[in-house]
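Below is one structure, written out as structure tokens; comments come after it.
Quick note: the coordinates plus some simple rules give every number you see, no bench work behind them. These numbers were taken from a predicted model, which means no experiment stands behind them. Cβ atoms come from the backbone with ideal geometry, glycine included; neighbour counts cover every protein chain shown.
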Amino acid sequence: MSDPSGAGLVLDVGCGVNKYPGAIGIDRIAGTRADVLCDLDRFPYPFADGSFDAIRAVHVIEHVSDVIRTMEEFHRLLKPDGEVYIATPHYTDFSSFCDPTHRWHLNSFSLRYFGLDDAGFGYYSPARFHEKSVRVKLLALWRYLGFELLVNTFPRFRRFWEHYLCFVVRGKVIEWRLVKVRTTNDATPVAFERLAAAQGKAAQR
């Protein structure tokens with residue numbers, strides 16, 4: 001099965017009853033639209049390395065027992081330069097805490113350990129992703145007042161919002177699009193130094 005949008009072979013993790021069209025769905029609950037039943041906390045998933053062009057994990061990451069190990073499994077399953085789309089409630093939203101099955105309450109910087117800006121904590125995992133985009137949806141009132149545009153247009157404002165404003169200007173959903181960074185045998189991300197150099201040059205302009 002493949003994504004009708006042309007993304008290639010797609011894995012829908014925790015697909016539930018609303019499996020993404022054309023995707024292979026996995027879930028642990030019978031009665032969903034899963035093509036394969038498996039426990040999402042038991043690794044590895046029943047697929048070979050590099051099986052998928054894209055992975056979707058929509059309102060799943062907050063349920064897993066180990067976020068880092070789950071991200072490493074996504075990295076294993078993706079083809080080189082494959083993309084994972086992750087959506088989860090922002091931790092200031094009511095829905096983050098009203099569901100007793102939610103184990104994690106995340107903000108828009110929670111996956112930075114897997115990227116270039118790892119705050120010095122990249123040693124937790126060799127899996128690396130390039131952050132193609134991160135988008136925060138805010139509650140309707142703040143979206144209409146223009147705060148959502150500011151948060152998503154200016155990274156420094158997003159950081160300021162996360163530090164000082166988010167408990168007043170509440171978040172709703174975080175969406176990440178992350179691209180797998182290929183690794184060499186010594187687990188050093190290929191092209192990461194080039195990416196860092198390019199970002200450094202851009203900052204100097």
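Put simply, the amide H of Glu62, placed in the peptide plane, has no neighbours under 5 Å, leaving out anything fewer than 5 places away on its chain. Less than 11 Å Cβ to Cβ from Ala34, Lys/Arg counted +1 and Asp/Glu -1: what total charge do the surrounding residues give? Overall, the nearby charge balance is 0. Among Ala23, His105, Ser95, flag the residue with its Cα farthest along the positive direction of the charge dipole of the stretch 3-140, charges on Cβ as +1 for Lys/Arg and -1 for Asp/Glu. Among Ala23, His105, Ser95, the one farthest towards the positive end of the dipole of the stretch 3-140 is Ser95. Shape annotation for the chain: C-alpha extents along the principal axes are 42, 42, 32 Å, from largest to smallest. Note on the stretch 1-145: with charges restricted to the Cβ of Lys and Arg (+1) and Asp and Glu (-1), its dipole about the Cα centre is near 260 debye. Look at where the Cα atoms of the stretch 116-166 and of the stretch 1-80 average out, and the two centres are 24 Å apart. Largest GNM mean-square fluctuation across Thr101, Thr183, Thr32, computed for the chain with C-alpha springs under 10 Å, falls on Thr101.
Over all directions, the average projected area of the alpha-carbon convex hull for the stretch 102-174 comes to how many nm²? Could the numbers behind the result be given before it?
On the way: hull surface 22.6 nm².
Average projection, Cα convex hull of the stretch 102-174: 5.7 nm².
Taking the chain as a Gaussian network of alpha-carbon nodes connected by springs under 10 Å, the highest mean-square fluctuation of the residues Ala127, Ala30, Ala54 belongs to Ala30. Counting charges near Trp176 (Lys, Arg +1; Asp, Glu -1) among other residues having Cβ under 12 Å from its Cβ returns a value of +2.
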